[in-house]
Amino acid sequence: MERRTFLRASAAAVAVGGPLAYVFRARESAESLLVPDANNLLDLAPGFSYQVIGRSGDRLSDGWRAPALPDGMACFTGADGSWILMRNHEVERDPRQGAFDGPAPSHLAHDPRAQGGVSRLVLDPETLAVRSGNMVLAGTLRNCAGGPSPWGWLSCEETVEEGHGYVFACPIEASSLVKAEPIHGYGRFRHEAVAIDPRTHVAYLTEDEGDGCLYRFVPDDPARPFTGKLQAMKVEGSNKYNTSERMGEDRRVRVGWVDVPDAMTPGDGSWRDRLRRDTLRDRAQEAGAAIVRRGEGIWYHEGQVFFTSTNGGKAGAGQVFRLQLARDTLSLARHEAPASGAAAEGGSAKG
């Protein structure tokens, strides 16, 4: 995908922000607005409909099965105008949930015993009929979220089990399984999602840990996007700044970035590793990195990166942050209102 195509796609994706902003402001109970679905699949608001385009276990064009547990995904426009849906599958090691009748193909899989991966559906843009389907990535674990990029779909492993914890680039044009190549520069940790600045190819990465960090990968050269250095966000003037506990007070803080040493060695998740606490986020926080409680969704838009903290805030009800890249500032876009549980905008509570 060309960079200008990615820029247009990103703009189209965030164009829904206006209507969604109204959804955030709505005070009615969401359940009261939904119409029960006769097929017991998806309850929607009046006037909306859905179409099933695929099910776990469907036979794909390459002969493999569509794996279970579809999770993060993105839709791209193909060279011929078709829509290409890239789908994560958050499967672990149960072959009954995977694409294969046993281990994944060893010459292409990252880990043949692992049953997670990415599948691809090519859709008719008018009817959403499936034109073809195939596996793209195999031999990975717990492919949770990821993000679109100029290089296709980026799929994240949400685990640090031995040999795992990477991000993988999945080309949208791949009509068959490709060799799994982890992006080592993005580090090895419990990855959740990634957002790419299309102008610089800097990657911003969330970590789904209760005491995680926000990371960025800075390429040495945008033309070689996977060679560079991994860094973690630090609030200026404060070491290990806890965004969950303190952002309600400060509202807006200036940030910088600290280099993360040994980005490929987070620890293997074993009990010995837990005892010695030798993890990537520990090393980042020893250098002063800020703490983000369960960083998950992340998106780039017009020089800003928005990301979520699932359990952030004093009430643990979540936060949405805005990182303004040119100003090096972090602020709250949304957080919970402790008094009533209603959402508050711009950091001010509404009871």
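Each reported figure results from applying straightforward, stated rules to the coordinates on display, with no laboratory input. These numbers were taken from a predicted model, which means no experiment stands behind them. Note: ideal-geometry Cβ built from the backbone for every residue, glycine included; neighbour counts use all protein chains shown.
Potential lengthening of the chain between Asp282 and Arg59 amounts to 75.9 nm, from the contour at 0.36 nm per residue minus the alpha-carbon distance. Note on Asn239 and Thr200: with the Förster distance fixed at 45 Å, the Cβ-Cβ geometry gives a FRET efficiency of about 0.95. Any idea how far the Cα center of the stretch 80-135 sits from the one of the stretch 155-234, in Å? Taking the Cα centre of the stretch 155-234 as reference, the centre of the stretch 80-135 is 20 Å away.
Here each label is just a point 7 Å from Cα along the line to Cβ, and for Lys314 and Arg252 those points are 2.2 nm apart.
Extension gain for Glu181 to Asp328 (0.36 nm times residue separation, less C-alpha to C-alpha distance): 49.7 nm. Between Thr127 and Glu162, the contour length at 0.36 nm per residue exceeds the Cα-Cα span by 8.3 nm. For the stretch 144-240, the set of trypsin sites (Lys or Arg not before Pro) satisfying both a DSSP loop assignment and a count of at most 16 other C-beta atoms within 10 Å is given as Lys179, Arg199, Lys240.
So if R0 is 25 Å, what FRET efficiency would Asp211 and Arg113 give, r being the distance between their Cβ atoms, rounded to the nearest 0.05? Please list the in-between numbers first.
Details: r = 30 Å, r/R0 = 1.19.
It comes out at approximately 0.25.
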